[in-house]
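Worksheet for the structure shown next.
Rule-based calculations on the coordinates, nothing more; no lab input. Just so it is clear, the structure is predicted and the values come from calculations on it, not from any experiment. Cβ atoms come from the backbone with ideal geometry, glycine included; neighbour counts cover every protein chain shown.
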Amino acid sequence: MPETPAPASAPVPVFSEARYAELVQMLSDDRLEGRAPATKGEERTVAVLEDQFKRLGLSPGNGESFRQAVPMVEISPDRREMTLAISGAKGQRRFAYGTEFVAGSRMLQSEISVQDAPLVFAGYGVDAPEHDWNDFAGIDVKDKLIIVLINDPGFGAADPKLFKGPAMTYYGRWTYKFEEAAKKGAAGVLIVHDTKGAAYGWEVVQTGWQKPLYDLESAAAPAPQTKIQGWLTTEAAVALFADQGLDFAALKAAADVRGFKARELAATASITIKNTFRRASSSNVIARLVGTKRPDEHVIYMAHWDHLGRNFAAGQDQILNGAIDNASGVAAVLEVARAFAQGPRPERSVLFFLPTLEESGLLGSRYYAEHPIYALNKTVAGVNMDALTIIGPTKDVVVTGFGSSELEPILSKYAAAQDRIVVAEPTPQDGFFYRSDHFSFAKVGVPVLYAESGVDQREKGREYGLAKGVDYIANRYHKPSDEFDPSWDLRGVMEDLVLFYQVGFDVANSQAWPAWYADSEFRAIRERSLAN
């Protein structure tokens, strides 16, 4: 489609710290019970969001409804007696659920059993022809249980010539490893946890897997699944391999080298999982502002509303409020929606999309991408807001997945007006680009921007910002301590809200179609979509 000159500069709306703080506090209140899907907490959360959109005078985004039903299955494994038994020449070792491993199954069966499955160490569990890398070369893992490492070879080897060096690719994500193991016919897959490689501690894995597992309910044939999916602690992996006379550290180092060969162990694995099911429905929440000239073309803002619900551990705060993750992002979408509703009205339509089930594998956004209400080849671009940076004003704006699309120069133009520069995320090895809802849209070709305040705090410097990020991951991320704090410095968020609004306003009033850059893995998908 032909490009036209950039439109006049977008307005500079005024946002209120007090109003934003009130929204975050409301969305992370105990009364919403941690915003878990298909619970009373969801009912209350969605009602709040619908009310907010109605107050702004926005139209429902799905016909006459603000909701898009997302059919789901809640899968609850019985963890009380679940053990992982590894048998070899030295006898049998049993690993304890929670402290040494976690596991589950998304197969819709009441009992799933893997007995005496041959055990294979398959490196990173990666088959990437474009990188000339195949951890499964020369070995058949059908009906076997494989053990793989988190992240990808570029990170493990710290080699810039492998994959994207320290920056995680999708091959490093746990979701990919489960998907690829299923394609290869494995009976099960266990990922060895590593805090640096995963970008979070074992307690985050524990918290996530203590909850029910969720999946989408679909009339279509299900994608391939392994019987068993789970994680091992590093300590458990060390003990498991030591029982086979093997040095885990040496095996890990070997997996970092091109030409690595997967290794079948002289051991077998057994595990039985008993599942109960609850079929339910959750809701994506969507509002729409109709464009004045090209209403069938859309710019989409997104932020997931869900969090992890309750933690029933005795003697602890039991509600995982998710104030930063992601009441902060939902409040941002609501405030940007307020600015658009106040006018001027843009030429293209604008969607305000609050998906569910992000914490369960981006399921709500995936469902929309598979069942779009508005044509994806008419969805011009998207802006994602997830876990905003609450450290005050910064000299920089971080783009996660920097160097991806033509949305970045638009962001840079408006950031410069704030005397800020646009930079790449400081921890590309953490793979945040693949961990939020914009990725569901990227996979179907829609250019998306995932940006927020940087780390170079204007008054306290870069080290302060970095330390704040480390502290959040260590002490609040996916924990009951992620609560609203009235002492937060929201000045930087206010600047970010202006940028989010201006980027969307710019695109919504242009005839241009921002594209993925030529080296993006999503560019060809977009070009095929626009050709239809």
| message | Under 5 Å between amide hydrogens, which residues at least 5 positions from E297 or on another chain qualify, with H placed 1.01 Å from N in the peptide plane? | response | S349
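Evaluate E = 1/(1 + (r/R0)^6) for A137 and L466, where r is the Cβ-Cβ distance and R0 equals 35 Å; express this FRET efficiency to the nearest 0.05. Before the final figure, lay out the partial values.
On the way: r = 39 Å, r/R0 = 1.12.
That pair, A137 with L466, gives E of 0.35.
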| field | Residues of type aspartates and glutamates that K293 reaches as a straight line, Cα spacing below 12 Å, ignoring anything fewer than 8 places off in the same chain | value | E347
| field | Neighbour cut-off at most 14 other Cβ (10 Å), DSSP loop, trypsin sites (Lys or Arg not before Pro), the stretch 159-259 | value | K161, R258
| message | Just want the answer: with Cβ charges of +1 for Lys and Arg and -1 for Asp and Glu, which residue in F432, T234, I139 is farthest toward the dipole's positive end in the chain? | response | I139
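Counting DSSP beta bridges in the stretch 348-451, what percent are antiparallel, to the nearest 5?
Details: 1 of 8 bridges.
The answer is about 10 percent antiparallel.
Give me the net charge of P346's neighbourhood, meaning all other residues with Cβ under 14 Å from the Cβ of P346; Lys, Arg count +1, Asp, Glu -1.
Numbers: positive: R288, K293, R294, R345, R348; negative: D296, E297, E347, D506.
Surrounding charge for P346 is +1.
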| note | One finds, for A253 and E459 with R0 = 41 angstrom and r their Cβ-Cβ distance, a FRET efficiency to the nearest 0.05 of 0.40
| request: May I ask you to evaluate 6.51 cos²θ - 1.76 cosθ + 1.60, the Karplus curve with θ = phi - 60°, for each residue of the stretch 297-311 and list the ³J(HN,Hα) values in order in whole Hz, giving x for glycine and proline? | output: 9, 10, 9, 10, 9, 9, 6, 6, 8, 7, 9, 9, x, 10, 10
| field | chymotrypsin sites (Phe, Trp or Tyr not before Pro) restricted to the stretch 248-329 and DSSP loop, no more than 16 other C-beta within 10 Å | value | F312
| query | Which percent, nearest 5, of DSSP beta bridges in the chain are antiparallel? | reply | 60
| note | Taking only the alpha-carbon atoms of the chain, the convex hull volume per residue, in cubic angstrom, is 147
| For the stretch 75-277, with only Lys/Arg (+1) and Asp/Glu (-1) charged at the beta-carbon, what is the dipole magnitude about the Cα centre, in debye rounded to 20? | 140
| Remind me, relative contact order of the stretch 75-277 in percent, using alpha carbon pairs under 8 angstrom and six or more residues apart? | 39
| field | Rounded to 5, percent antiparallel among DSSP beta bridges of the stretch 75-277 | value | 65
| query | What's the extension gain from R279 to T99 if we count 0.36 nm per residue and subtract their Cα-Cα distance? | reply | 61.9 nm
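Placing +1 at every Lys and Arg Cβ and -1 at every Asp and Glu Cβ, with all other atoms neutral, what dipole size does the chain have around its Cα centre, in debye to the nearest 20?
Working: 56 positive and 69 negative charges, 148 e Å.
Result for the chain is approximately 720 debye, rounded to the nearest 20.
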| Which aspartates and glutamates does K183 reach when only Cα atoms under 16 Å apart count, and residues fewer than 8 places away in its own chain are ignored? | D127, D135, D140, D143
| Signed unit charges on C-beta, dipole axis of the stretch 75-277, positive-most listed residue A267, L149, G125 | A267
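Give the longest segment of the chain that steers clear of GluC sites (Glu not before Pro) in DSSP loops with at most 10 neighbouring Cβ atoms within 10 Å, not counting the sites themselves. List each step's numbers first, then the result.
On the way: sites that count: E64, E81, E459.
The reported range is 82-458.
With viscosity set to 0.692 mPa s and temperature to 37 °C, compute the Stokes-Einstein D of the stretch 75-277, Rh being the Kirkwood radius across alpha carbon pairs; µm²/s, no decimals.
Values: Rh = 17.1 Å.
Once the numbers are plugged in, D ends up at 192 µm²/s.
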